[in-house]
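Heads up, the thing below is written out as structure tokens.
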Amino acid sequence: MYGRILVPVDGSSTSNRGLMEAINLAKDQKAKLRLLHAIDESFLVYDAYGMMSWDSVTHSLREGGEKLMAEAKTLAARNGIDAESVVTETLKDRVAGVILREARDWRADLIVMGTHGRRGFGHRSAHPWRARREILSFVGIVVQGACLIA
């Protein structure tokens, strides 16, 4: 039924629940699993003249995203799934657009994501919540704290 499952991951507890739902579903369906972490750099623009270094902050965000993906891949592997992962950055696009574009380009049959994850700088902005709301506007069902979007 589902051959390709995309899972946006942000490290929050609800994102992790979505990841576990996706792992279980991938095992059941014998599906490929792709993990996605989208780094929203737009918040950096607001402090472009501040004391921080753009390069050091974006480097730190990339390292954090890669670490998060490594942990998620390890979890998938412990459950018998050989997942692939993608870390991507966006400065002008909304996270929802990044997720939907990845789903389209990879030809995902399903997007599985936690419903209310907010972490890091995202908890100060509405980005994670807004991304889920925008993606849900495309047809989605919520199952045990995970959003399944076909």
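Taking 0.36 nm per residue of sequence separation and removing the Cα-Cα distance, the SER56/ARG78 pair yields an extension gain of 4.6 nm.
Footprinting exposure proxy ranking of SER56, SER85, fewest other C-beta atoms within 10 angstrom first, gives SER56, SER85. The residues THR14, THR88, THR74, when put in order of fewest to most other Cβ atoms within 10 Å, stand as THR74, THR88, THR14. With the cut-off at under 17 Å, measuring from each backbone N in the stretch 10-38 to a point 7 Å along the Cα-to-Cβ line of ARG101 picks out 36-38. Taking 7 Å steps out from each Cα toward its Cβ at GLU89 and LYS30 produces label points 4.0 nm apart.
Laboratory data are not the source of any read-out in this text; all were calculated from the coordinates shown. The shown structure was predicted, so the numbers you read here are calculated from the model rather than taken from an experiment. Virtual Cβ from ideal backbone geometry, glycine too; neighbours counted across all protein chains shown.
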